Structures are given as C-alpha cells and as structure tokens.
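Q: Encoded as structure tokens, here's the structure I'll be asking about.
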Amino acid sequence: MPTVGVGRDLLFQALGRTYTQDEFDELCFQFGIELDDVTTEKDIIRKEKHLKEDDEVGGNEEIIYKIDVPANRYDLLCLEGLVQSLRIFCGVDSVPNYKLAGIGKESMLKMHVKPETSVIRPYVVCAVLRGITFDEARYNSFIDLQDKLHQNICRRRTLVAIGTHDLDTIDGPFTYEALPPSEIEFKPLKQVETFKADKLMEFYKSDMKLKKYLHIIEDSPVFPVIYDRNRIVLSLPPIINGAHSAISLKTKNVFIECTATDLTKAKIVLNTMVKCRRILLHVTMFSVYCEKKFEVEPVEVTYPDGKSYICPELSSYDMKVSLSYINRIAGVSLEANKVAGLLNKMQLQAKQSVSEDNECTFIVSVPPTRSDVLHACDIAEDVAIAYGFNKIPKQVLASLKPFPLNQFSDLIRTEIALCGYTEVLTWILCSYKENFPMLNRKDDKSTAVIIGNPRSADFESSKRTIERLNPNRDFAEVRLDQTLLRQSQVSLGRPARLVCGSSAP
C-alpha cells in the first residue's frame with residue numbers, strides 16, 4: 001500500500017479541527033485507511049541515512065503522520081485529496097462538482113501531435129489550472145503528488161510521464177514531436193547550461209534519481225519532445241522538463257501535460273492532478289486552489305489522423321446497482337435512504353429508482369476522482385466502509401467449514417483466555433541453535449525445515465518444539481509478570497501444542 005506523509009498540524013488545520021492520535025487513528029480506520037507511523041522530519045532523515053538517534057541532522061521536529069492508503073485510491077496520494085475525502089466522510093463538506101471552464105474551441109490552447117510520436121509515446125493529454133495560489137506547503141504537495149503518481153499508476157514513468165509548466169512563460173499552440181536526439185537542444189530543469197538530448201542522457205547516467213528512467217527511451221532512434229510556438233522545449237518526456245517553464249511559488253497559471261503509452265492511464269493521471277479520472281487526477285486535486293474552485297480550463301489535442309479531443313474529461317459516469325445486491329455483498333440489511341447517505345459519505349451520489357420488476361435500485365454517479373470504482377461490488381464495498389466493518393454481523397457461510405485442528409485450537413485458546421491468560425503471538429521460525437544444540441538434541445535432517453538463505457541468525461529453521469522460546473525476541477513488549485498463553489506451529493506432522501504459564505520460560 002502506498003504511504004502518504006503529511007504534517008500533522010497542517011492536516012488538522014485543513015480538516016478544521018484537532019484530534020488526539022487515538023482519535024485520528026480511529027477516523028482513519030473508519031474510512032478504510034491506516035495511520036501507519038508517527039515520526040518527525042529529523043527521524044526520517046536519520047532512518048534514510050542510517051544514523052544514530054543522537055547524530056545531528058537537518059530538518060525540523062514537525063510531527064509527520066505516515067498514512068497507508070489503498071493502492072487504487074490515487075485521489076488519496078496527497079494532503080488535498082486526504083482532507084477533501086475525510087471532510088466529506090465526516091459530513092463537513094459536500095461532494096465537489098468539477099467542471100470545465102466555459103470557453104469556446106477557438107479560445108482553447110491547442111496541442112498538435114506529430115505522426116513520428118507513434119513509435120515512442122503516441123498519446124498526450126493536457127489541462128490548465130488558472131489563478132492558482134501556491135505557498136510552500138501547497139507547492140511541495142503538488143510536486144509530491146506528481147512523484148507518487150509517477151511511482152504508482154505511471155509505473156515509474158513507463159506508462160505515463162507528467163510535466164507541469166508555468167503557462168505565463170510559454171506560448172501556445174504546442175506541438176508534441178519525436179526527433180533524433182541530436183536535433184533536440186535545451187536547458188533542463190535545475191541546470192545552467194544547454195544540452196543536446198543524446199549528451200543529456202550521458203549526463204544523467206550519474207544522477208541517482210533520473211538514471212533509472214533513461215532506459216525507457218535511450219535506445220530509441222527518436223526522443224519525444226514538446227515545444228511551444230517559439231520552439232522552446234517544455235519537456236523531454238519521460239526524463240526531464242525544461243528550465244524555461246519551471247513552476248515556482250509565484251506561478252499563477254499551470255499547464256499540465258501527460259505523455260503516455262496508455263491513453264486510459266494518461267487520462268486518469270491528468271484527472272488526478274486536476275482531481276479527475278486517473279492521470280488527470282493531478283488537475284482535480286489542485287483545482288481547489290484555483291481562483292474559481294474546481295474549475296479546469298480544457299485543451300484541444302489534435303492527432304495526426306485529424307481527430308481532435310477536448311481534455312480533461314471531468315464528467316461523472318453512472319452505474320446502476322440494486323439495493324438487494326448491496327445488502328447481500330456487504331452483509332447488512334439497510335434501508336434505501338441509509339444506503340444513499342452512506343454512499344454520499346464516500347463521494348458517490350446516489351439516486352433511488354425502481355426497476356421494471358419493482359426492485360429498489362440506485363443510479364450511482366461516480367466522480368472523476370474515483371477511478372477505483374469499476375464494478376457494482378466496489379459500490380457495495382464503499383457502503384460497508386461507511387457503515388463500519390465492526391458493525392457488520394459476523395456470518396459463516398454454510399459452504400465453509402473450518403479445519404478441525406483450527407476449530408479445536410480456537411476453542412482451547414478461548415477457554416484458557418477466559419481463565420485470565422493473555423495470548424501472545426510468537427514467531428514460527430527460530431534459530432538453528434534453539435532447535436538443537438540448546439536443547440541437547442541432534443539434527444536428524446528430517447524433523448525441522450532449515451531455511452536455505454535466512455535473513456537473520458534468529459530465523460534459520462522452523463520450530464520442532466514449543467518448549468524453548470526466546471523471551472527477548474518472542475515477548476519483547478510483554479511484561480514477564482503476566483500469565484501468558486501462546487500457540488505455535490511446529491514441523492512434526494502433528495497438532496501444535498498449547499502452552500500456558502505464569503511467565504515466559
């Protein structure tokens with residue numbers, strides 16, 4: 001699962017209230033995400049550089065929340081997306097209505113795609129954010145979302161590469177071309193000299209961040225490149241943007257382009273950046289900071305065959321699902337009005353209707369930010385999340401039967417726990433010494449499974465007995481004055497044993 005790091009104070013300010021750590025942890029659980037870690041910028045730097053706790057490092061002591069989000073929820077990969085979703089979930093905000101600026105085709109910026117791009121990266125989608133206001137936190141979040149999308153749905157830029165530019169420094173119409181590397185010359189981002197594209201590839205082979213993307217195009221006879229009307233290079237996708245159009249805290253109008261080998265992925269990413277479906281997500285997320293909230297200016301993209309498309313596509317799409325299906329899949333029995341309210345908490349607007357066979361159904365409007373909703377079962381899952389998984393009654397399907405050993409073990413563990421014992425979970429593996437020499441036993445090469453390439457001397461083989469455990473490892477966080485119950489698997493071909501005691505042996 002992707003992990004999103006956000007400043008606690010900035011998060012609480014955006015949410016409109018403060019939480020204790022336990023309260024926020026509970027909110028995350030209710031929404032279907034997880035507060036994975038609480039740290040600081042200094043601790044993160046120490047961990048990355050493998051430094052000791054008393055070593056001096058840069059950074060500050062701001063509390064950072066590390067939040068695990070589902071891999072298919074691209075709209076939660078930044079502070080803006082998290083805040084918007086949580087505020088809607090808590091009933092503070094309503095579902096936003098993303099819309100395109102009402103301008104005619106003749107007033108739109110144009111992107112012309114040349115036929116040569118078909119051999120390298122054939123697709124491009126674009127959008128414009130007007131009147132955006134950046135501060136340092138918003139700017140960092142904007143760049144961080146771009147990086148996370150590159151690593152996630154963009155598959156390390158192999159499927160999609162995102163370029164963001166200060167529109168006030170360039171002029172349309174734009175052209176997306178594919179040229180021999182020796183014919184492309186520009187000053188790349190954060191550099192002071194100009195490079196030809198072939199020399200630039202050699203230059204970046206020593207760059208720790210960019211060298212991992214060079215293989216995507218370095219063997220191609222032509223490189224993709226985007227020019228403005230004055231032949232200024234905007235970007236050399238998927239490697240680097242040009243320095244001329246770099247965005248900054250002073251940027252007011254942002255031009256976003258996404259080149260791709262997969263058009264569907266490109267649209268999702270763009271929608272994310274503007275907070276729209278998948279690639280356009282970048283646009284939807286940060287349209288909240290525009291002068292006209294949630295409004296995005298479209299761009300007309302014309303392909304070599306003469307066909308033109310207006311992007312981004314910010315329209316919602318409708319999905320029909322019955323109330324009985326939702327209740328059956330979620331394992332609940334809810335009224336139609338209750339289900340509609342739960343769906344609204346998950347940014348899904350639902351209208352009730354009656355089918356031809358008099359069955360209650362919903363027409364669910366899926367916004368461009370929710371690219372994870374692909375099937376009716378996704379609708380039912382969101383109902384279950386909003387209702388609360390802990391409130392759903394446990395059911396055992398008649399067709400499912402537990403293994404006799406597991407069923408017997410559960411009954412025994414429950415009875416012993418009722419006698420006041422605390423169950424602890426121990427490791428299945430142990431060291432070779434704990435299995436044999438320390439128990440004065442010889443290895444007969446048949447009763448224990450030996451790990452061929454153990455990561456640690458503590459985990460070299462499966463346990464052949466449960467009597468000998470390592471208190472420092474198996475009970476590191478448990479007080480030894482407790483009465484403990486532990487269960488462990490052993491590789492003897494017979495049921496695992498249960499051992500209880502007043503303390504660890």
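The values are calculated or read from the model by the stated rules, or taken from the named source; none is laboratory data. Keep in mind it's a predicted model, so treat the numbers as computed, not measured. Neighbour counts are summed over all protein chains in view; Cβ atoms, including those assigned to glycine, are modelled from backbone coordinates with ideal geometry. These area figures cover heavy atoms from the full protein model, side chains too; ligands, DNA and RNA do not enter into them. Shrake-Rupley method; radii C 1.70, N 1.55, O 1.52, S 1.80 Å.
Q: Filter Lys187/Lys252; Lys148/Lys293; Lys190/Lys345; Lys199/Lys292; Lys293/Lys320 down to the pairs with a C-alpha to C-alpha distance above 31 Å, please.
A: Working: Lys187/Lys252 22 Å; Lys148/Lys293 24 Å; Lys190/Lys345 43 Å; Lys199/Lys292 43 Å; Lys293/Lys320 29 Å.
Pairs exceeding 31 Å: Lys190/Lys345; Lys199/Lys292.
Q: Pop the C-beta distance of Arg87 and Lys445 into the FRET formula with R0 = 51 Å and round what comes out to the nearest 0.05. Don't jump to the answer; show the numbers that get you there.
A: Numbers: r = 62 Å, r/R0 = 1.21.
Here the calculated transfer efficiency is 0.25.
Q: For the stretch 413-456, with every protein chain kept in place, what is the accessible area per residue (1.4 Å probe, Å²)?
A: Details: 3390 Å² over 44 residues.
In whole numbers, the stretch 413-456 has 77 Å² accessible per residue.
Q: While we're looking at this one, here's another question. In the stretch 315-360, carbon and sulfur make up what percent of the accessible area (probe 1.4 Å)?
A: Values: 1210 of 2730 Å².
Roughly 44 percent, rounded to a whole number.
Q: Here's another thing I want to ask about it. With N set to the residue count of the stretch 296-405, report its C-alpha Rg divided by 2.2 N^0.38 Å to two decimal places.
A: 1.45
Q: Next up: Mean projection of the alpha-carbon convex hull of the stretch 167-231 over all orientations, in nm²?
A: Numbers: hull surface 19.8 nm².
That works out to 4.9 nm².
Q: Once phi is turned into ³J(HN,Hα) by the Karplus curve 6.51 cos²θ - 1.76 cosθ + 1.60 with θ = phi - 60°, what whole-Hz value does each residue of the stretch 98-103 show in order, with x for glycine and proline?
A: Residue by residue, the stretch 98-103 yields 7, 9, 8, 4, x, 10 Hz.
Q: Within 10 Å, count the other beta carbons around each residue, average over each peptide in 150-162, 213-225, and list them highest first. If you can, show how the numbers build up before the last one.
A: Values: 150-162: 20.7, 213-225: 17.6.
Packing order, densest peptide first, comes out as 150-162, 213-225.
Q: Over 15 Å, how big is the tail of the calculated P(r) for the stretch 106-201, in percent of all Cα pairs? Before the final figure, lay out each step's value.
A: Numbers: 3403 of 4560 pairs.
Within the stretch 106-201, distances greater than 15 Å cover 75 percent of Cα pairs.
Q: Please say if the stretch 67-106 is rounded, prolate or oblate, where rounded means a/c under 1.5 for a ≥ b ≥ c the square roots of the C-alpha gyration tensor eigenvalues, and otherwise the choice is prolate for a/b larger than b/c and oblate otherwise? If you can, show how the numbers build up before the last one.
A: Values: a/c = 3.74, a/b = 1.76, b/c = 2.13.
Cα axes put the stretch 67-106 in the oblate bin.
Q: Follow-up. So for Leu11, Leu405, what's the accessible-area order with a 1.4 Å probe, most first? Spell out each step's value before the answer.
A: Working: Leu11 0, Leu405 75 Å².
Highest to lowest solvent-accessible surface, that is Leu405, Leu11.
Q: Between the stretch 208-222 and the stretch 74-124, what's the alpha-carbon centroid distance in Å?
A: If we compute the Cα centre of each part, the gap is 27 Å.
Q: Tell me, what is the per residue accessible area of the stretch 155-264 in Å², probe radius 1.4 Å?
A: Result: 46 Å² per residue.
Q: Then there is this: So which lysines pass the test for Lys463, namely a Cα distance under 27 Å, with those fewer than 8 places away in the same chain ruled out?
A: Partners within reach: Lys433, Lys442, Lys445.
Q: Turning to a different aspect of this structure: Along its three principal axes, how long is the stretch 325-386 when you only count alpha carbons? Whole Å, largest extent first please.
A: That works out to 32, 22, 19 Å along the principal axes.
Q: Report D for the stretch 117-166 in µm² per second (integer): Stokes-Einstein, Kirkwood Rh on Cα pairs, 10 °C, 1.306 mPa s. Numbers along the way, then the final one.
A: Values: Rh = 12.6 Å.
Once the numbers are plugged in, D ends up at 126 µm²/s.
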